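Reading through the structure tokens given below for one structure.
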Ligand code: ZN
């Protein structure tokens, strides 16, 4: 039986769209929240709008331009190249404090609308060194949110221990594999669905999808 109300932190990408389907199965009412922080690709926001409209999910857009102002980065500035981190450094796509801020604002929204569950697609498995994707960070923030608002929120992270292939498998189990494949944007070059095929995000996405589809054929 479905229970309660959930806020899903939603970017329009593969992971958060899978989380949206996961939440739809689980909760009576699902609300999506997208943060506009001057993303390199406005198409990301358009994808998020289209997806929530198609699924009939209430959608909040919150202005987070402050984050862009504070943290120039490859995702927020067209002139900074997307690069993998070298010598233990973080990739140029890292936005410091992003999940801290997003989840805090999602918590405030949850408080306002009486939702107890906050769902996020963060994942520690394909860890590219982002400290705020770690399980320990989420658990710590969960305690902080509850103390800050004297409430009993639960931050749900359905993808935390899944690799990319397993995330595709979850989408498939939720009957959403084709939907996620066609309607989401992961590509750093702003190309929907299967993307440019060249950037780190596309390579990771494709590798996971191929791995999952191959395992499906074998079994
Ligand atoms: Zn790409």
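FYI, it's all coordinate maths here, none of it is from the lab. None of the values given here were measured: they were computed from a predicted structure. Counting neighbours? That spans all protein chains shown, and the Cβs are built from the backbone with ideal geometry, glycine included.
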**Report entry** Gain in span if fully extended, residue 112 to residue 161, counting 0.36 nm per residue against the direct Cα distance
**Finding:** 14.6 nm
Report summary line: Computed from the beta carbon distance with a Förster radius of 22 Å, FRET efficiency for residue 194 and residue 54 to the nearest 0.05 stands at 0.70
**Report entry** Fully extended contour minus Cα-Cα distance, from residue 151 to residue 139, at 0.36 nm per residue
**Finding:** 2.8 nm
Query raised in the report: So what is the 222 nm mean residue ellipticity for the chain from helices alone, if each DSSP H run of at least 4 adds -39500 (n - 2.57) and you divide by all residues, rounding to the nearest 500 deg cm²/dmol?
Result: -14000 deg cm²/dmol
Query raised in the report: How high is the FRET efficiency between residue 3 and residue 70 when r is their beta carbon distance and R₀ equals 25 Å, given to the nearest 0.05?
Result: 0.10
**Report entry** Hydrodynamic radius (Kirkwood) for the chain, which is based on Cα pairs only, to one decimal in Å
**Finding:** 17.7
Report summary line: So for R0 = 30 Å, FRET eff. of residue 46-residue 213 from the Cβ-Cβ r, to 0.05, ends up at 0.65
Requested in this report: Could you work out which residue, out of 27, 188, 130, moves most in a Gaussian network model of the chain, that is, has the largest mean-square fluctuation with Cα springs under 10 Å?
Outcome: 27
